[in-house]
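The values are calculated or read from the model by the stated rules, or taken from the named source; none is laboratory data. Computed from a predicted model, the values in this text were never measured in an experiment. Cβ placement follows ideal geometry from the backbone for every residue including glycine, while neighbour counts extend to all protein chains displayed.
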Amino acid sequence: MTRSDLVEELAARFAQLTHRDAELAVKTVLDAMSDALVKGHRIEIRGFGSFSINRRPPRVGRNPRSGESVQIPEKRVPHFKPGKALREAVDASAASPVKVKGKVKANA
């Protein structure tokens, strides 16, 4: 699902929202989540999951072309951990066929 798919779903589900209002709502929520993660805060959405920041320590890597050692600096990366309800829903759907853009695919 893409951002525009989310906007379309929101506009379709709530008839009182115009497409522009749905777009603004999605943008506002995603911006607020991004800002919270940038500030180092944790986001928890009950039944869905939590977003947090993981720290990757500095390390020594190798340039694949020359083989020379390269210092790779510390990084902070976003991390998503699905909630129990989401994990169970995804696991339960693993046995049933999945519909992808009008096509039915069997899960393997």
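List of remarks:
- Among the residues of the range 1-25, those identified as aliphatic (A, V, I, L, M) and either under 26 Å from E88 (Cβ atoms) or outside any helix (DSSP H, G or I) (or both) are M1, L6, L10, A15, L17.
- Of the residues making up the range 39-83, those that are exposed (fewer than 12 other Cβ atoms within 10 Å of the Cβ), hydrophobic (A, V, I, L, M, F, W, C) and closer than 21 Å to L6 by Cβ number 2.
- Taken together, F14, F51 contain a single residue that is at pLDDT 95 or above and of a type in the set (F, W, Y), which is F51.
- Taken together, the residues in the range 26-56 that are assigned to a loop (DSSP other than H, G, I, E, B) and either in contact with a strand residue (DSSP E or B) (Cβ under 8 Å, 6 or more places away or on another chain) or aliphatic (A, V, I, L, M) (or both) amount to 3.
- Subset of the range 9-24 (residues that are surrounded by 11 or more Cβ atoms within 10 Å (Cβ to Cβ) and closer than 27 Å to K84 by Cβ): E9, L10
- Given (1) surrounded by 11 or more Cβ atoms within 10 Å (Cβ to Cβ); (2) out of contact with any Leu (no Cβ under 8 Å at 6 or more places or on another chain); (3) in a helix (DSSP H, G or I); (4) modelled with pLDDT of 95 or more, index of the condition L86 fails: (4)
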